[in-house]
Amino acid sequence: MANLIQPVRGMNDILPVDAPVWERLESAAAELFAAYGYARIRLPVLERTELFQRSIGELTDIVEKEMYTFADRNGDSVTLRPEATAGVVRAALTNGLLHNQQQKLWCSGPMFRREKPQKGRYRQFHQLNVEALGFGEPEIDAELIVISARLWRKLGIRSVTLEMNSLGTPGARAGYKQTLVEYFSRHRAALDEESLRRLERNPMRILDSKNPTLRDLIAAAPMLGDHLDRESRDHFESVQGYLTDVGVEFKLNPRLVRGLDYYTRTVFEWVTDRLGAQGAVCSGGRYDGLVAELGGRDTPAVGWALGVERVIELARADGWSEPESVPDIYVVCVGEAARRKSFTIAETLRARLPRMRLSLGQPSAGFKAQLRHADKSGARYALIIGEDELASAKVSIKALRADVPQQLLTVDEVVEQLGG
């Protein structure tokens, strides 16, 4: 055992016992996205590094500290994707999906960031993304938020709160950044090393600081809302109105700024207090300038990303029962001839009956031992094939969860009785 190769730190295996939970979440999400007209797109996990430098921002923590970036054999700098929105926009541009078109898209898969691993935060983590490209109306902001709210109801998640803010246009935000620089510069002595670095490069990120000694200083900082342009104010008020009309509750968080440079106007997060330090489970907003930044025409866009691992942890904390993974029928066979015949019978029945499981891997197990395995599997019925069954060209059906007599039936009668 000393020579076992361990997994890379922060990269976790998803074991068979957990897979049904992931499938349940992904299936519920896919059904909901389709109902709203969002089509699935599948993206490569490896992109040119420039894509993320230009979209996320070279001065963000993700680009500066967290990306898995390396030179390939041609000397090109490539990066394992740390998020999916930039890839969706890149794919839409390179495949001509935005030529006089609007796109509603969703995707899922692994992302990679070299962060300090902890519960709910991994170096390989998984996201579900929903993106609407070419839509500038506040109704689309509201629609995307409503989709996320419906997903929580579908999954039985109750302990989440929606927080919202507006970042305004880049022009309005530039004026606000200058105001922040002036404010925090007057308090340089109180700033920690990280905040001093952000002050010179991206002052809005100071508002995201988790340092408790800066809480009062940040609380007294100028408000972004006081610097919004009229168009952004009207847009944000419309989004709030649509959500109120359909009963989606929210609270305004004037300090919500998001960590990626491409966000404009509406931003939002679904947060919880049940996952420790990792409070955000779904985040997003409008990124109207990203398409143009990546070489396309000026195109409005909005979307969100959900952290799969965090949502599953939260669903379990809210009492989400695990989906069952048990067979309906467990095939028990006695003797070599019966064993050979059981394989054929099982394959004949699989197209017409629910889940079945053969007593494989136990060639020497006796009849009683196989019945114990059948009972332990959780199956409702044991389908028994032995000498008597072979002689009569029938099979025996024994109910494992009800006190009813065992029956000797033909294959067709089994299908009829068990509802095939």
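For the reader, a short list of remarks on this structure follows.
- Picking from residues in the stretch 219-233 that are over 31 Å from the mean Cα position of the chain (by Cα) and surrounded by fewer than 17 Cβ atoms within 10 Å (Cβ to Cβ), the one that is modelled with the lowest pLDDT is 226.
- Some residue of the stretch 94-105 being out of contact with any Ser or Thr (no Cβ under 7 Å at 6 or more places or on another chain), buried (at least 19 other Cβ atoms within 10 Å of the Cβ) and part of a loop (DSSP other than H, G, I, E, B): no
- When residue 318 is tested against (1) of a type outside the set (Gly, Ala, Ser); (2) modelled with pLDDT of 80 or more; (3) touching a Ser or Thr at 6+ places or on another chain (Cβ under 7 Å), just one condition goes unmet, and that condition is (2).
- Flag if residue 268 is outside any strand (DSSP E or B), among the aromatic types (Phe, Trp, Tyr) and at pLDDT 85 or above: no
- The set of residues in the stretch 54-73 that are assigned to a helix (DSSP H, G or I) and of a type outside the set (Val, Ile, Thr) comprises 54, 55, 61, 64, 65, 66.
- In the stretch 32-53, the residues that are of a type in the set (A, V, I, L, M, F, W, C) and assigned to a helix (DSSP H, G or I): 32, 33, 34, 35, 51, 52
- Neighbours by Cβ (under 6 Å, 6+ apart or cross-chain): first from the stretch 31-51, modelled with pLDDT of 95 or more; second in a loop (DSSP other than H, G, I, E, B) and surrounded by 12 or more Cβ atoms within 10 Å (Cβ to Cβ): 45/81; 47/81
- Among (1) free of Cβ contacts under 8 Å to residues at least 40 places away in the same chain; (2) within 17 Å of residue 249 (Cα to Cα) - the single one residue 163 does not satisfy: (1)
- The one condition in (1) part of a loop (DSSP other than H, G, I, E, B); (2) not assigned by TED's automatic domain parsing to the domain that holds residue 255 that residue 116 fails to fulfil: (2)
- Qualifying position, being under 24 Å from residue 18 (Cβ atoms), surrounded by fewer than 20 Cβ atoms within 10 Å (Cβ to Cβ) and in contact with a strand residue (DSSP E or B) (Cβ under 6 Å, 6 or more places away or on another chain), among 319, 279: 279
- Any chance residue 46 is assigned by TED's automatic domain parsing to the domain that holds residue 263 and closer than 24 Å to residue 258 by Cβ: no
- Residues of the stretch 151-167 that are among the hydroxyl-bearing types (Ser, Thr, Tyr) and not in a loop (DSSP other than H, G, I, E, B): 161, 166.
- Options 19, 2, 29; residue that is aliphatic (A, V, I, L, M), exposed (fewer than 13 other Cβ atoms within 10 Å of the Cβ) and within 27 Å of residue 303 (Cα to Cα): 19
- Selection over the stretch 106-121 of residues that are surrounded by 20 or more Cβ atoms within 10 Å (Cβ to Cβ), in contact with a helix residue (DSSP H, G or I) (Cβ under 8 Å, 6 or more places away or on another chain) and more than 15 Å from residue 306 (Cβ to Cβ) gives a count of 1.
- Some residue of the stretch 209-227 being under 28 Å from residue 157 (Cβ atoms) and touching an Asp or Glu at 6+ places or on another chain (Cβ under 6 Å): no
- Checking 151, 128, 199 one by one, the residue that is aliphatic (A, V, I, L, M), more than 16 Å from residue 263 (Cβ to Cβ), in contact with a Ser or Thr (Cβ under 8 Å, 6 or more places away or on another chain) and modelled with pLDDT of 90 or more is 128 and no other.
- With respect to (1) in contact (Cβ under 8 Å) with a residue 60 or more places away in the chain; (2) part of a helix (DSSP H, G or I), the lone exception for residue 255 is condition (2).
- Selected residue (only one of 265, 215, 201, 188 is buried (at least 16 other Cβ atoms within 10 Å of the Cβ) and charged (D, E, K, R)): 265
- Test result for residue 247, free of Cβ contacts under 8 Å to residues at least 24 places away in the same chain, under 30 Å from the mean Cα position of the chain (by Cα), loosely packed, with under 14 Cβ neighbours inside 10 Å and assigned to a loop (DSSP other than H, G, I, E, B): yes
The values are calculated or read from the model by the stated rules, or taken from the named source; none is laboratory data. From a predicted model like this one, the values you see are computed outputs, not experimental measurements. Methodologically, a virtual Cβ is constructed for each residue, glycine included, from the backbone with ideal geometry; neighbour enumeration extends over all protein chains shown.
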